[in-house]
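Below you'll find the structure, written out as structure tokens, and then a few comments.
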Amino acid sequence: ENGGAVVIKAGESHADSKKGGGVFITSGAGTSAQEGSGGELVMMAGNAEGSSAGDGGRVEIRGGKAVGGRGGDVAVSGGNSYSGDGGALILQGGSSETGTGGDVIVDAGESGTHEESKEGMIRIAPTSASYVRIGRSGSKTVRTDVFGDLTVHGSFVSTNSMVFQDTYAERVHVSQEQDLVIQEETRVPKITGLDSEDVSATPTSTLTLDAGQGGSDQWIEIGPWEAEYITIGGKNNNASHGARDQSALLLRQGYDEADKRLQMNRTGAILMQAAASMPILIHTNPTRGTNNTGGDIDMLVGSGDTGHGGNMTLTSGDTVDARHRGGFLTLTAGGNNNTVGGRGGVVKVTGGFAGGTTDCDLDYYECGGLNITVAMYEAVLHGCTTKNSTHFLCSSLDVSSDQRTAVLGGCTQKCLGGAVEVSGGLSSGGVGGAVVVTGGATSSTDPYARGGNVEVRGGTAALGSGGAVLLSSGRSAQRSSGEVLVRTETSGNDGVSGEISVETGASAVGDSGGITLATGSAMTGAGGDVNLLVGSGDTENGGAVVIKAGESHADSKKGGGVFITSGAGTSAQEGSGGELVMMAGNAEGSSAGDGGRVEIRGGKAVGGRGGDVAVSGGNSYSGDGGALILQGGSSETGTGGDVIVDAGESGTHEESKEGMIRIAPTSASYVRIGRSGSKTVRTDVFGDLTVHGSFVSTNSMVFQDTYAERVHVSQEQDLVIQEETRVPKITGLDSEDVSATPTSTLTLDAGQGGSDQWIEIGPWEAEYITIGGKNNNASHGA
């Protein structure tokens, strides 16, 4: 039979608010101050010493039940100590030599309500413990399985891999329905997704980091405090698992394609996009107040060793909304708000460096797949005229339409430095976009502070010619080409408008560069005008137009000429040459203001001959030669202007060295003085008049001393005629011909020179010779 039991039972109590009797088992105290020890209290169930499967006796310690009150507690604790160590509390399952060791089960009491808030809790170290160790005793480490959620309210430290899996084999097991909840910090060297051996089915190797649904801040922070480097993606050469050359990366704010914000695919391409209507802002942190410089932002395309270098494209946004524009593309350098000499930053746009020094073909350009000579390239840039439907004439070179289109479309050349192209936008139905280059404005009140310059310079060269500056308007396939307008802006209230200077640079060897101002030729219309106009003024003299050729300081060389030539009319059908009109300005005020003066003067000389002035009408092959008209100005109420023709004087005052006035010295067959059309006017000659041919008078020829109504020849002067004088009548002076008493005697006498001193009357043609007598028809002195 079973062994006999030892039953110790206290008395019951049936009184209200009273409790049953207690059972107290206490071992003896060791009261000696010299290492006195308390007695042991050993409660041990009986052994089962048979070799068959008999169980050892059970030890059960249980608090008392209650109906309406609280069940009794069971308190098992090690003994306290004042100066030594507190006693240990050891809960250990029984060992077995060949069977399974006994479990240690710690469980809370359940509630019949099955409400989670009323279930009992298992609490380890709720008050005093400073350290809790689970799964290791001495040097032995065992696994710990947690079924259900694990919440860590302090730091979580893992000294090895932490793997989430669905199998229950060799590693920590957390089922797919469970979470690991840690309320503070988790410290691990590595977090990875599941491997194939971690799950029984096809693994989901994705590793997800996400914020929780509670709290006010739902952020994911990576490296917010201590991290010196943060690496996402890439290759780990020392890794033993999946060392890939390139990993795809994706930052997104939703699940749609438009929600992708930063994407890098496996080839290394990068996509960055903002949400609709949202900007992308890239900037360095401001350093104002830190005594540091602002950080740089560098955007670089990587270099290569095969093919062309990589492109960089900045494009603002398109729109399809009616009557709206595409987005602006703005490049702005940094400002400086310091009032002490603060300067704005510079915007630099530079073409790429060309490092080639060999295999450079400087004779040809490659334009749209065509080889174009440098001469043709420059001729097209200088402008072309239409030759026929398929060819153009560009600076005397014949250029096909394909060649011209290729040049205007852009060209390249071996060893050619990269170009900088700035183009307005294409328009499908309206005006193409403008290119506006504006110097910076200034708000300074200093009178010497001015707006910023707009400077366009060709490139410098070490040996060859410097780069050209070409300003060309746009061509139209059907209508007019664009204008080129160069002007200064209207001045402010207290200033003057700016000047325009067009000049070529000085030359160290050879001629300096010329300036050509020309309009293009026209196929069916007139060539364009060239207008040099000075603006009007209201307080000072009108502005001058000054055209001055260059001086020459070289021996035996002359200064540059000024050539003004109107256009030829080359048509065989009544083509006429263009007019050349030089006109001084009118004086249009009603008071006595003079009209402008026209002065044409040959150049002075020191040891040589002064410059001639040649004014002549145009020659003609079969028509009349052009007339030369010298005419003084007319006046409605005042005196008409004189025509003064005078020869140059000589400082020696020698008559032989005085200049002469010569009319018709070579080609004229007739000289008319004093008559134009039907009008006849008097001609006054002061000094001797010598006629080296016949002298014909169609009316009376009177010698007088008064200067009134007739030709005046003073008494001290003679009329010298070396050949024949033809007149109808020769008489002495009348009373009205002289101021004093007239000498009316008419004297015919031979001269003192020559070998024959005769007076001949009627030696050849006269039929009758009458001396004396009466002329009945005369009105004088009958």
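The values are calculated or read from the model by the stated rules, or taken from the named source; none is laboratory data. Just so you know, these numbers come straight off a predicted model, no measurement behind them. Methodologically, a virtual Cβ is constructed for each residue, glycine included, from the backbone with ideal geometry; neighbour enumeration extends over all protein chains shown. Please note that ligands, DNA and RNA were not included when accessible areas were found on the heavy atoms of the full protein model with its side chains. Shrake-Rupley method; radii C 1.70, N 1.55, O 1.52, S 1.80 Å.
A few points about this structure:
- Across the stretch 361-373, the number of residues qualifying as of a type outside the set (D, E), on the phi < 0 side of the Ramachandran plot and surrounded by fewer than 13 Cβ atoms within 10 Å (Cβ to Cβ) comes to 1.
- The numbered conditions (1) out of contact with any helix residue (DSSP H, G or I) (no Cβ under 7 Å at 6 or more places or on another chain); (2) farther than 24 Å from E489 by Cα are all true for D446 except (2).
- The number of residues in the stretch 305-330 being at negative phi and over 15 Å from the mean Cα position of the chain (by Cα) comes to 17.
- Qualifying residue in the stretch 573-583 (condition: farther than 27 Å from S622 by Cα and open to solvent by 50 Å² or more (accessible area, probe 1.4 Å)): yes
- Close pairs (7 angstrom Cβ cut-off, 6 or more residues apart or separate chains): in contact (Cβ under 8 Å) with a residue 40 or more places away in the chain in the stretch 311-326, open to solvent by less than 100 Å² (accessible area, probe 1.4 Å) and small (G, A, S) anywhere: G326/S316; G326/G317
- Residue in the stretch 110-127 that is closer than 20 Å to T144 by Cβ and surrounded by 10 or more Cβ atoms within 10 Å (Cβ to Cβ) present: no
- Residue in the stretch 241-256 that is of a type in the set (S, T, N, Q), in a loop (DSSP other than H, G, I, E, B), modelled with pLDDT of 75 or more and open to solvent by 70 Å² or more (accessible area, probe 1.4 Å) present: yes
- Sub-9 Å Cβ pairs linking a first residue in the stretch 412-441 that is at positive phi to a second residue that is open to solvent by 80 Å² or more (accessible area, probe 1.4 Å) and in a loop (DSSP other than H, G, I, E, B), at least 6 apart or interchain, are C415/T357; C415/T358; C415/D359; C415/L362, ordered by first then second residue.
- For the criterion of being surrounded by 10 or more Cβ atoms within 10 Å (Cβ to Cβ) and of a type outside the set (A, V, I, L, M), K387 passes.
- Qualifying residues in the stretch 519-534 (those that are of a type in the set (A, V, I, L, M) and at pLDDT 80 or above) - the one most open to solvent (accessible area, probe 1.4 Å): L533
- In the stretch 325-338 there is no residue that is open to solvent by less than 50 Å² (accessible area, probe 1.4 Å), touching a Leu at 6+ places or on another chain (Cβ under 7 Å), of a type outside the set (S, T, Y) and at pLDDT below 85.
- Restricting the stretch 441-487 to residues that are among the hydroxyl-bearing types (S, T, Y) and within 23 Å of G513 (Cβ to Cβ), the residue that is least open to solvent (accessible area, probe 1.4 Å) is S473.
- So T267, is it of a type in the set (S, T, Y) and modelled with pLDDT of 80 or more: no
- Pick from the stretch 343-389, criterion part of a strand (DSSP E or B) and touching an Asp or Glu at 6+ places or on another chain (Cβ under 8 Å), ranking: farthest from A477 (Cα to Cα): T373
- Scope the stretch 585-619; condition closer than 27 Å to G674 by Cβ and small (G, A, S); matching residues: G595, A614, S616, G617, G618
- Across the stretch 637-684, the number of residues qualifying as within 20 Å of V615 (Cβ to Cβ) and open to solvent by less than 80 Å² (accessible area, probe 1.4 Å) comes to 7.
- Qualifying residue in the stretch 403-412 (condition: of a type in the set (V, I, T), closer than 19 Å to D363 by Cα and modelled with pLDDT of 85 or more): yes
- The stretch 556-575, residues that are within 26 Å of V613 (Cβ to Cβ) and free of Cβ contacts under 8 Å to residues at least 40 places away in the same chain: S556, K557, K558, G560, G561, V562, F563, I564, T565, S566, A568
- Here I90 meets the list (1) open to solvent by 100 Å² or more (accessible area, probe 1.4 Å); (2) farther than 30 Å from A33 by Cα; (3) at pLDDT 75 or above almost entirely, failing just condition (2).
- Among the residues of the stretch 590-615, those identified as touching a residue at least 12 places away in the same chain (Cβ under 8 Å) and open to solvent by 100 Å² or more (accessible area, probe 1.4 Å) are R597, I600, R601.
- For the stretch 111-139, residues that are among the β-branched types (V, I, T) and within 23 Å of G72 (Cβ to Cβ) total 4.
- Yes/no for S571 being under 30 Å from A468 (Cβ atoms) and assigned to a loop (DSSP other than H, G, I, E, B): no
- Residue check for V671: in a loop (DSSP other than H, G, I, E, B) and in contact (Cβ under 8 Å) with a residue 12 or more places away in the chain: no
- When Q403 is tested against (1) surrounded by 11 or more Cβ atoms within 10 Å (Cβ to Cβ); (2) in a loop (DSSP other than H, G, I, E, B), just one condition goes unmet, and that condition is (2).
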